[in-house]
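Asks: Below is one structure. I have some questions about it.
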Amino acid sequence: MTNNKAIILLSAGLDSAVSLALSKDKYDISLALTFNYGQKSAQKEIFFSKKLSDYYNIKHKIINLDWLSEISASALNLKNNIPQIDMSELDNEEITQKSAKAVWVPNRNGLFINIAAAIAEAKEYSNIIIGANKEEGKTFKDNTLVFINAINVSLKNSTNNNVKVIAPLINYDKAQIVKFGIENDLPFKYIYSCYNDNEKHCGECESCKRLKRALDLNNRNDIIKEIFE
């Protein structure tokens, strides 16, 4: 038996924040999960995810995964510098694949979803909302529809209440996602998409570059000025 109750995986990045804004009226989102796996931006993600959760009146829970940082060779976890690419290189598959490999965390999305599924089954929620999207799906295979469909088959066989992953942005790029955020009155001052731990978005990492390009394509220089250094 299914119901409308949902958990959202919330990092405070553009995609999870917009997924929340888009889904809040369609699903009964009762819980937001933010994961601390030793990433450089962990404290900022936690801070802004709490801001978003409070804004939308959703309970917020932090899941600590210290052991994941111990096995990860990702630049997100280690002291290595985060890769930087030029704005003109964002659609260069060879360059973005190299960048994606440098920040890849072992089975991160699969792990997050299965933890969320255990909580969802225990609390009798039917849905897990995530921010997977078409643009990042070009370089991260756990952001694709193939991944979503595959993990839903797994969850159908590993949960008694058929927990299902919902990815409302799976067919959209960052510019479209920003547009959805604007149309749904997302408080952009509470998003944090940066890979680094800064007061504001660094503007140099690939995640920042994609966000800045998307905002620029929507003629929202006001938001760029507000959230970037």
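Asks: I'd like to know if segment 135-153 contains one or more residues that are touching a strand residue (DSSP E or B) at 6+ places or on another chain (Cβ under 8 Å), surrounded by 17 or more Cβ atoms within 10 Å (Cβ to Cβ), part of a loop (DSSP other than H, G, I, E, B) and touching a residue at least 40 places away in the same chain (Cβ under 8 Å).
Replies: Within segment 135-153, not a single residue is touching a strand residue (DSSP E or B) at 6+ places or on another chain (Cβ under 8 Å), surrounded by 17 or more Cβ atoms within 10 Å (Cβ to Cβ), part of a loop (DSSP other than H, G, I, E, B) and touching a residue at least 40 places away in the same chain (Cβ under 8 Å).
Asks: Restricting the search to segment 39-66, which residues are under 14 Å from the mean Cα position of the chain (by Cα) and over 22 Å from ASN114 (Cβ atoms)?
Replies: Result: SER41, LYS44, PHE48, LEU52.
Rundown of residues vs (1) surrounded by fewer than 17 Cβ atoms within 10 Å (Cβ to Cβ); (2) touching a residue at least 24 places away in the same chain (Cβ under 8 Å); (3) hydrophobic (A, V, I, L, M, F, W, C), yes/no style:
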site: TYR125; (1), (2), (3): no, yes, no
site: ILE129; (1), (2), (3): no, yes, yes
site: ALA132; (1), (2), (3): no, yes, yes
site: SER158; (1), (2), (3): yes, yes, no
site: ASP173; (1), (2), (3): no, yes, no
site: LYS189; (1), (2), (3): yes, yes, no
site: CYS205; (1), (2), (3): no, yes, yes
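Asks: Right, something else. For GLN43, all conditions in the list (1) part of a loop (DSSP other than H, G, I, E, B); (2) surrounded by fewer than 19 Cβ atoms within 10 Å (Cβ to Cβ); (3) touching an Asp or Glu at 6+ places or on another chain (Cβ under 9 Å) hold save one; what is the number of the exception?
Replies: The failed condition is (1).
Asks: Checking the structure you have, find out if any residue of segment 65-81 is under 30 Å from ASN4 (Cα atoms), of a type outside the set (Gly, Ala, Ser) and at pLDDT 95 or above.
Replies: Scanning segment 65-81, I find at least one residue that is under 30 Å from ASN4 (Cα atoms), of a type outside the set (Gly, Ala, Ser) and at pLDDT 95 or above, so the answer is yes.
Asks: Could I ask something else about it? Among the residues in segment 84-101, are any under 21 Å from GLN43 (Cα atoms), at pLDDT below 95, over 19 Å from the mean Cα position of the chain (by Cα) and not in a helix (DSSP H, G or I)?
Replies: No, segment 84-101 contains no residue that is under 21 Å from GLN43 (Cα atoms), at pLDDT below 95, over 19 Å from the mean Cα position of the chain (by Cα) and not in a helix (DSSP H, G or I).
The values are calculated or read from the model by the stated rules, or taken from the named source; none is laboratory data. Fair warning: this is a prediction, and the values are worked out from it, not measured in the lab. Methodologically, a virtual Cβ is constructed for each residue, glycine included, from the backbone with ideal geometry; neighbour enumeration extends over all protein chains shown.
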